[in-house]
Amino acid sequence: MARMKFICDSERCIECNGCVTACKAENHVPWGVNRRRVVTLNDGVPGEKSISVACMHCSDAPCMAVCPVDCFYRTDDGVVLHDKDVCIGCGYCSYACPFGAPQFPGNGTFGLRGKMDKCTFCAGGPEVSGSQAEFEKYGRNRLSEGRLPLCAEVCSTKALLAGDGDVVADIFRSRVVVRNKGSEVWGWGTAYGKPAGGATAKPAKPEGTK
Amino acid sequence: MKRTACLLAFSALMLGLGACSERPQELAGRQINGGAPNWQGPASPFTAPGWTVGDRRSWQTHMQTRAQAQNEYVRLSQSH
């Protein structure tokens, strides 16, 4: 079973914003909402790093945990999606998300804050796949067409990788081996947890015990 | 006459009480419609070639190959 994941290689991202533009155009994302954006750390300082940020489709998604109307669901492929017919636009998910993924259009059903909109991993929503209703609410469903999210497919430096977690992790690992640096995967630990038996700290023993 | 008036009053009372009721609003038991799995397609002019719509294994293999195509080390070695 594929577990869809994103990896952004900060050693390669050149802050071209191609992913942002592609996402906006492909999904007809409304004005004022950016499902994906590029964040630059230490902007202007030599050695600055850029990362492309969107919903990471977390293994244990905090947005899912806090939603009062339970509008989120996870597909068989590990993509976290939501039902806009159920969302009440309360904004709890926005506070819970460590990546700032949930976005709210400025003029929606609920006055100043409309229903939540976020990256769907180009997997559409609960409507019939490829239908007009699905496109209008959630954008293109590229996964059902056998395609990966457009943001990753257009990335000119292949800094942004999307697809089955094992495959993209292998690609990233091979890069780190070749260049011998840049092994830090931004957001990976937060979104997908640490590997089992890895850096989990053991409880300290009380003094005097053997 | 008195009996009819009582009946009318009772009916009005029942109608009034009926207006006090409300539809159940609890979330328990509600299922989010998760939509169809991606491997079910549908086939469209935009469907990428190389896999069979409706075949789960075919879709998974295709997606893994497509994800692997993001690895330019593999692509470059294949082109030579």
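The number of residues in the stretch A:79-106 that are within 16 Å of A:Ala123 (Cβ to Cβ) and either touching a His at 6+ places or on another chain (Cβ under 6 Å) or more than 14 Å from every other protein chain (Cβ to nearest Cβ) (or both) comes to 3. Evaluate the stretch A:80-88: report whether one residue or more is hydrophobic (A, V, I, L, M, F, W, C), part of a strand (DSSP E or B) and either touching a residue at least 60 places away in the same chain (Cβ under 8 Å) or buried (at least 16 other Cβ atoms within 10 Å of the Cβ) (or both). Checked the stretch A:80-88: at least one residue is hydrophobic (A, V, I, L, M, F, W, C), part of a strand (DSSP E or B) and either touching a residue at least 60 places away in the same chain (Cβ under 8 Å) or buried (at least 16 other Cβ atoms within 10 Å of the Cβ) (or both). Restricting attention to the stretch A:156-194, the residues that are at pLDDT 90 or above, farther than 27 Å from A:Thr21 by Cα and among the small types (Gly, Ala, Ser) add up to 1. Candidates A:Phe172, A:Phe135: the one that is closer than 14 Å to A:Ser10 by Cα, crowded, with 16+ Cβ neighbours inside 10 Å, more than 8 Å from every other protein chain (Cβ to nearest Cβ) and not hydroxyl-bearing (Ser, Thr, Tyr) is A:Phe172. Taking the conditions exactly as written (assigned to a loop (DSSP other than H, G, I, E, B) and either over 18 Å from A:Phe99 (Cβ atoms) or in contact with a helix residue (DSSP H, G or I) (Cβ under 8 Å, 6 or more places away or on another chain) (or both)), does A:Asp60 satisfy them or not? Judged against the criteria, A:Asp60 is not a match. Of the set (1) at pLDDT 90 or above; (2) out of contact with any Phe, Trp or Tyr (no Cβ under 7 Å at 6 or more places or on another chain), all apply to B:Asn38 but (2).
Among what's in the stretch A:45-60 and is free of Cβ contacts under 8 Å to residues at least 60 places away in the same chain and over 25 Å from A:Ala22 (Cα atoms), pick the residue that is nearest to the other protein chains (Cβ to nearest Cβ). Checked the stretch A:45-60; the qualifying residue nearest to the other protein chains (Cβ to nearest Cβ) is A:Gly47.
The values are calculated or read from the model by the stated rules, or taken from the named source; none is laboratory data. Keep in mind that this is a model prediction, so the values were computed, not measured. For neighbour counting, all protein chains shown are included, and Cβ atoms are generated from backbone atoms with ideal geometry for every residue, glycine included.
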